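For reference, the structure is listed below as structure tokens.
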Amino acid sequence: MTKGTSYIPKLVLTLGLALLLAVEGFFAWQLHTLSGRQEQIKSDYSDVNNITLGLLSVDQWKDKVAGIVNHQVKHFKLSPKEKKELQVEVEQVIYALIAKAEALVNKPQKSLGDKIKKLAVKTFVNTDKIKAQVPGFAKSILAKVDNPKQKAQLSNLAMTKFNEARHSGSLDSTRNANEALMDKMFRKYGVSSTDELNRKLGSLLSSIRTEMFHYCFGMLGCILAVLALWWFLRKRTDLHGVLFILSLLFAFVLLAVGLTASMIEVDCRIKSLDFVLLGEHAVFKDQVLFYESKSILGVVKVLFSQSGADSIAVGALILCFSILFPVTKLLSTGIHLLSKRKVAENRFIKFFAFQSGKWSMADVIVIAILMTYIGLNGLLDVQLASLNIKSDELTLITTNNTALQPGYIIFISFVLYGLILSTILKAITPYDAH
Amino acid sequence: MRTNIANILLITGLSILLAGAIYFGYEIHKLAKQQQEIKQDYSLTNSVSFGLFSVDEWRDRISEVLDDQINGYSITPDQKQQMLASVEKALHGVIAKTIASIDKPQKSIGGKLKKMAFHALVDSASIQEQVKPFAKTIVQKVTSPSSQARLKNIASSKINQLENQTYDNTSEAKEKIAKYAYRKYNVNDEAAFDKTIHSRLAVIWDQTIRYAIYMLACVLAALALWWLMRKQVQLQTPLFVMSLLFAGVLLVVGLTAPVIEVDARIRSVNFLLLGEKVTFQNQVLFFQSKSIWGIITTLLNQQKPDAIAVGILVLLFIVILPFIRLVAKGLHMFTEKNRVVNYIAFEAGKWDMADVMIVGMLMTFIGLNGILKSQLANLNIHNDVLTTSTVNYTSLQPGFFIFAGYVIFEAALSYILKRISPEKAVKPRK
């Protein structure tokens, strides 16, 4: 083969692949930005729906407390039985008072004035008559207690007290902070109510999601195109070197996106809280307890921030399998192909070029297992369903909104692509691969 | 002739061991399933949704305290004294007000006469003096035992009314679950249920460990036999094929027995309400126990295509490929030069990720355990009013160790295979 004939195909191949690489890079960049935006919106969403703004917020309880006060004070009612008992109680006290008064009057009096008084009382006051009126008195006293006007007054008093409590110190400051947060969110997304905000965020998220999947498939399409090219050029050994080095660049792009785009999002919420408190029906839906969206590097950071040595060790292992191994592997395959026999057959280079690829799968497995354990927490639901219990009405913690993210798919694609590349390398290498 | 007899003897011996391994493997599988089921039932009945998160439970506990308070309530002499003082004050006030209203300048003659008569007959100072005995009468009447009993009755009936207006849907669900669980475990109450479950789990755990040891002993016996026969080249083919069957048994049991169990609980929440202790115990926050097979089926059963794709990959690399490789290794002993068989037996190791799975599971376990531990530690509160303590029972399960046993055994087999067929192991390079 002469130099002239092998030069042009190489150039064409390089240019074509460079173009494809540029497209891949563009997709990667878009995916990266979208993933960042999605993370931002999701975290806004979870802030707005956070439990501190719902179940744990004084404002949310204001209406409920008003309802409870209304029920309990304004509509305070004594049952007939209670009324009867109270009546007996009041009557007893009045009887006792009358008896006491009689005893006092009947005391032997010394002075003339007192004697006259005693006589006057005895003449004009008939104690039996008074006693007969006692039940009537008692009834009117109780009626006074049951008076709607008085009850309304009392309930107003209670509400004022409650409002005073709401405006006192710490409660007020949290309320201000919450209001400021909501205001900021409303302005940011140009809406005016929480419902509207949630709708808007939902539609934004779903459009970002489809867009991300398009770019994700675009990237995978580029990779498949490269692999197809290998198939077409499998006989052109003269082009294999160039093609391989360019293929490595594609792998680097995949790796970069796979590491930095978010991989998994964990969403832990109380699905619904539905109860009746002192006659007031309270329903809280979708209270977000916890939300995190993490890339591989984010997971490593979380593990490193734990105090235990074991977690740090796991973080180090993930770091190893996701960054050190892949980068060394890609470099090793390049070195193996381009260097002299002595370097190419170095044990270190050979291990990384041919054997290390599958260990990056460890990260994939970790995320997959985490996903099944944390994310798909359907166990309780299934058990409840089998007992014919409606889980919507119970207070359950669910993590069902936990989901895998495009970063994960890209990372898996990278690992598989890397394995295929090292298989190809084994086939085209002029040196010993074992 | 001699070879034949030796062959038959060897195969019979190994078959017995293999049967043992299969039996023990099956038992472990069954026990693991049982354990999983029992623990699931336990975590369902003790779920935090039916305890700390249940309004019904809170209501019951608080009303108990209130009932105690009302029934145990009696007026102390001190309180009586205070009551006396306030009744006196009220009476003085009433009297003063009445006198003031009579003392108002009167215009009509009748009014003037009344005022005069009142002053002649009634000495306001002496009336004020009489307040004391009257107040005493009132207080005595109100604090008499019969009166107190009446007031208590009214208070408790009022509280009952309030209780009836506070509820959610848990008690009904809880009842259903308890009925199901008690019938299943043949017990009558919670204490008996707890006891039955704990004793059953202890028995299952003992048996699991025993069977796991027996199973591994069978495998080790097979390996020992190998070592003894290492000089008998003609016996190596049956030995190897039998060993592959052992590996297959390990693989199946390792795949189907639970590998990691995550179990986070609040052991107890104690706090003081009106001087009385309110307690919630053994609240299961989170429970999951899965085998590798369970993990894969969970992924495959999702609606989302990405989860299904991951499930397929895991299935391919961790279940199907290891099996195909075992078969290929067996075929390799009989076929001389088949490129596909050779490739799968020797080269496909790069794609066989059982070993990666072991490392991945270990990493998941340690990482999850660490994060759970620190998160639960945040929930541990100890102060005068509130005490909570949490426990984390996350642990590796037998399936993990058996699967690890498979990985090691398989590595040993690959090594042996390379040694007994050195000419085939390395593909001749062009």
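The values are calculated or read from the model by the stated rules, or taken from the named source; none is laboratory data. Values in this document were obtained by computation on a predicted structure and should not be read as measured data. All Cβ positions, even for glycine, are placed from backbone atoms using ideal geometry, and neighbour counts span all protein chains on display.
Could you grab me the full set of residues in region A:249-280 that are surrounded by 19 or more Cβ atoms within 10 Å (Cβ to Cβ) and part of a helix (DSSP H, G or I)?
Within region A:249-280, A:PHE250, A:ALA251, A:VAL253, A:LEU254, A:LEU255, A:VAL257, A:GLY258, A:LEU259, A:THR260 meet the criteria.
Residue check, A:ILE51 against (1) of a type outside the set (Phe, Trp, Tyr); (2) within 30 Å of A:CYS216 (Cβ to Cβ); (3) within 14 Å of chain B (Cβ to nearest Cβ), all met but one. Which one?
Going through (1) of a type outside the set (Phe, Trp, Tyr); (2) within 30 Å of A:CYS216 (Cβ to Cβ); (3) within 14 Å of chain B (Cβ to nearest Cβ) one by one, A:ILE51 breaks only (2).
Go through region B:377-400 and give me each residue that's of a type in the set (A, V, I, L, M) and closer than 13 Å to B:VAL269 by Cβ.
Pass one, region B:377-400, residues of a type in the set (A, V, I, L, M): B:377, B:379, B:381, B:385-386, B:391, B:396.
The answer is B:LEU379, B:ILE381, B:VAL385, B:LEU386, B:VAL391.
Check region A:371-391 and report whether any residue there is among the hydrophobic types (A, V, I, L, M, F, W, C) and either more than 30 Å from B:GLU57 (Cα to Cα) or not assigned by TED's automatic domain parsing to the domain that holds A:LEU273 (or both).
Yes: region A:371-391 contains one or more residues that are among the hydrophobic types (A, V, I, L, M, F, W, C) and either more than 30 Å from B:GLU57 (Cα to Cα) or not assigned by TED's automatic domain parsing to the domain that holds A:LEU273 (or both).
Kindly list, by first and then second residue, each pair from a residue in region A:95-123 that is within 11 Å of chain B (Cβ to nearest Cβ) to a residue that is basic (Lys, Arg), limited to pairs with Cβ atoms under 7 Å and residues at least 6 apart or on different chains.
A:TYR95/A:LYS131; A:ALA96/B:LYS141; A:ILE98/A:LYS131; A:VAL105/A:LYS118
Per-residue answers, yes or no, for (1) at pLDDT 90 or above; (2) under 25 Å from the mean Cα position of the chain (by Cα); (3) not β-branched (Val, Ile, Thr):
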site	(1), (2), (3)
A:CYS268	no, yes, yes
A:LEU278	no, no, yes
A:LEU289	no, yes, yes
A:GLU292	no, yes, yes
A:ALA309	no, no, yes
A:THR328	yes, no, no
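Assess whether B:ILE159 counts as being surrounded by 14 or more Cβ atoms within 10 Å (Cβ to Cβ), more than 52 Å from the chain's Cα centre (by Cα) and in contact (Cβ under 8 Å) with a residue 12 or more places away in the chain. Quick ask: steps written out before the conclusion?
Values: surrounded by 14 or more Cβ atoms within 10 Å (Cβ to Cβ): yes; more than 52 Å from the chain's Cα centre (by Cα): no; in contact (Cβ under 8 Å) with a residue 12 or more places away in the chain: yes.
So B:ILE159 fails the test.
Got a number for residues in region A:309-344 being farther than 21 Å from A:ALA251 by Cα and away from chain B (no Cβ under 11 Å)?
The qualifying residues number 4.
Given the conditions (1) within 8 Å of chain A (Cβ to nearest Cβ); (2) in contact with a Phe, Trp or Tyr (Cβ under 6 Å, 6 or more places away or on another chain); (3) among the charged types (D, E, K, R), which single one is not true for B:ASP263?
If we test B:ASP263 against (1) within 8 Å of chain A (Cβ to nearest Cβ); (2) in contact with a Phe, Trp or Tyr (Cβ under 6 Å, 6 or more places away or on another chain); (3) among the charged types (D, E, K, R), just (1) comes out false.
Going by the conditions given, is A:LEU303 at the interface with another protein chain (Cβ under 8 Å from one of its Cβ atoms), more than 30 Å from A:LEU229 (Cα to Cα) and touching a residue at least 60 places away in the same chain (Cβ under 8 Å)?
The answer is no for A:LEU303.
Name the residues in region A:414-433 that are polar (S, T, N, Q) and modelled with pLDDT of 85 or more, would you?
Matches in region A:414-433: A:SER422, A:THR423.
Suppose we filter region A:76-104 for residues that are in contact with a Ser or Thr (Cβ under 9 Å, 6 or more places away or on another chain) and closer than 19 Å to A:LYS122 by Cα; how many remain?
Summing the residues that are in contact with a Ser or Thr (Cβ under 9 Å, 6 or more places away or on another chain) and closer than 19 Å to A:LYS122 by Cα in region A:76-104 gives 7.
Would you check which residues across region B:109-150 are of a type in the set (A, V, I, L, M, F, W, C), at the interface with chain A (Cβ under 7 Å from one of its Cβ atoms) and under 30 Å from B:TYR73 (Cβ atoms) and list them?
If the condition is that a residue be of a type in the set (A, V, I, L, M, F, W, C), at the interface with chain A (Cβ under 7 Å from one of its Cβ atoms) and under 30 Å from B:TYR73 (Cβ atoms), then B:PHE134, B:ILE138, B:VAL142 are the ones that fit.
Report, by residue number, each residue of region B:51-67 that is more than 8 Å from every other protein chain (Cβ to nearest Cβ) and over 19 Å from B:ASN164 (Cβ atoms).
B:GLY51, B:LEU52
Please find, among B:PHE409, B:PHE346, B:PHE365, B:PHE323, the residue that is in a helix (DSSP H, G or I), within 12 Å of chain A (Cβ to nearest Cβ) and more than 31 Å from the chain's Cα centre (by Cα).
B:PHE346
Can you say whether B:LEU245 is out of contact with any Leu (no Cβ under 7 Å at 6 or more places or on another chain), among the hydrophobic types (A, V, I, L, M, F, W, C) and assigned by TED's automatic domain parsing to the domain that holds B:ALA328, as far as the supplied structure shows?
no
Restricting to region A:1-32, and then to whatever is modelled with pLDDT under 85 and of a type in the set (A, V, I, L, M, F, W, C), can you tell me which residue is nearest to the chain's Cα centre (by Cα)?
This residue is A:ILE8.
Under 7 Å by Cβ, and 6 or more places apart or on different chains, what pairs join a residue from region A:178-202 that is outside the structural domain of A:ILE41 (by TED's automatic domain parsing) with one that is exposed (fewer than 13 other Cβ atoms within 10 Å of the Cβ)?
Sorted first by the residue in region A:178-202, then by its partner, the pairs are A:PHE186/A:SER192.
List every residue pair whose Cβ atoms lie under 9 Å apart, where the two residues are 6 or more positions apart in sequence or sit on different chains, the first residue falls within region B:304-328 and is over 20 Å from A:LEU419 (Cα atoms), and the second residue, located anywhere, is β-branched (Val, Ile, Thr) and exposed (fewer than 15 other Cβ atoms within 10 Å of the Cβ).
Once the first residue is over 20 Å from A:LEU419 (Cα atoms) and sits in region B:304-328, its partners that are β-branched (Val, Ile, Thr) and exposed (fewer than 15 other Cβ atoms within 10 Å of the Cβ) give B:ALA328/B:VAL340.
Only residues that are at the interface with chain B (Cβ under 7 Å from one of its Cβ atoms), surrounded by 18 or more Cβ atoms within 10 Å (Cβ to Cβ) and in a loop (DSSP other than H, G, I, E, B): list them for region A:381-408, please.
Matches in region A:381-408: A:ILE389, A:LEU394, A:THR395, A:LEU396.
Among the residues of region B:179-190, is there at least one that is at the interface with another protein chain (Cβ under 7 Å from one of its Cβ atoms), assigned to a helix (DSSP H, G or I), modelled with pLDDT of 85 or more and under 19 Å from the mean Cα position of the chain (by Cα)? Working first, answer last.
Let us first name the residues in region B:179-190 that are at the interface with another protein chain (Cβ under 7 Å from one of its Cβ atoms), namely B:180.
When the remaining residues are screened for being assigned to a helix (DSSP H, G or I), the result is B:180.
Pick out the ones that are also modelled with pLDDT of 85 or more and you get B:180.
Those still in the list that are under 19 Å from the mean Cα position of the chain (by Cα) too: B:180.
Checked against the condition, which is being at the interface with another protein chain (Cβ under 7 Å from one of its Cβ atoms), assigned to a helix (DSSP H, G or I), modelled with pLDDT of 85 or more and under 19 Å from the mean Cα position of the chain (by Cα), region B:179-190 yields at least one hit.
Given the criteria surrounded by 10 or more Cβ atoms within 10 Å (Cβ to Cβ) and of a type in the set (Asp, Glu), does A:ASP128 qualify?
Against the criterion (surrounded by 10 or more Cβ atoms within 10 Å (Cβ to Cβ) and of a type in the set (Asp, Glu)), A:ASP128 does not qualify.
Suppose we keep only residues that are surrounded by 24 or more Cβ atoms within 10 Å (Cβ to Cβ) and either modelled with pLDDT under 85 or not in a helix (DSSP H, G or I) (or both) within region A:353-370. Which one would you say is nearest to the other protein chains (Cβ to nearest Cβ)?
Only one residue tops the list, namely A:GLY357.
Please determine whether any residue of region A:332-346 is surrounded by fewer than 21 Cβ atoms within 10 Å (Cβ to Cβ), at pLDDT below 80 and within 25 Å of the chain's Cα centre (by Cα).
no
Would you mind finding the one in B:ILE295, B:ILE318, B:ILE358 that is within 10 Å of another protein chain (Cβ to nearest Cβ), more than 21 Å from A:LEU404 (Cα to Cα), buried (at least 19 other Cβ atoms within 10 Å of the Cβ) and modelled with pLDDT of 90 or more?
The conditions single out B:ILE358.
Which residue is farthest from the other protein chains (Cβ to nearest Cβ), if the candidates are limited to region A:55-94 and must be under 30 Å from A:LYS271 (Cα atoms) and free of Cβ contacts under 8 Å to residues at least 60 places away in the same chain? Please lay out each step first, then the result.
Filtering region A:55-94 down to residues under 30 Å from A:LYS271 (Cα atoms) leaves A:55-72.
Restricting the remaining residues to those that are free of Cβ contacts under 8 Å to residues at least 60 places away in the same chain gives A:56, A:61, A:63.
Values: A:LEU56: 14, A:TRP61: 14, A:ASP63: 17 Å.
Looking at residues that are under 30 Å from A:LYS271 (Cα atoms) and free of Cβ contacts under 8 Å to residues at least 60 places away in the same chain, I get A:ASP63.
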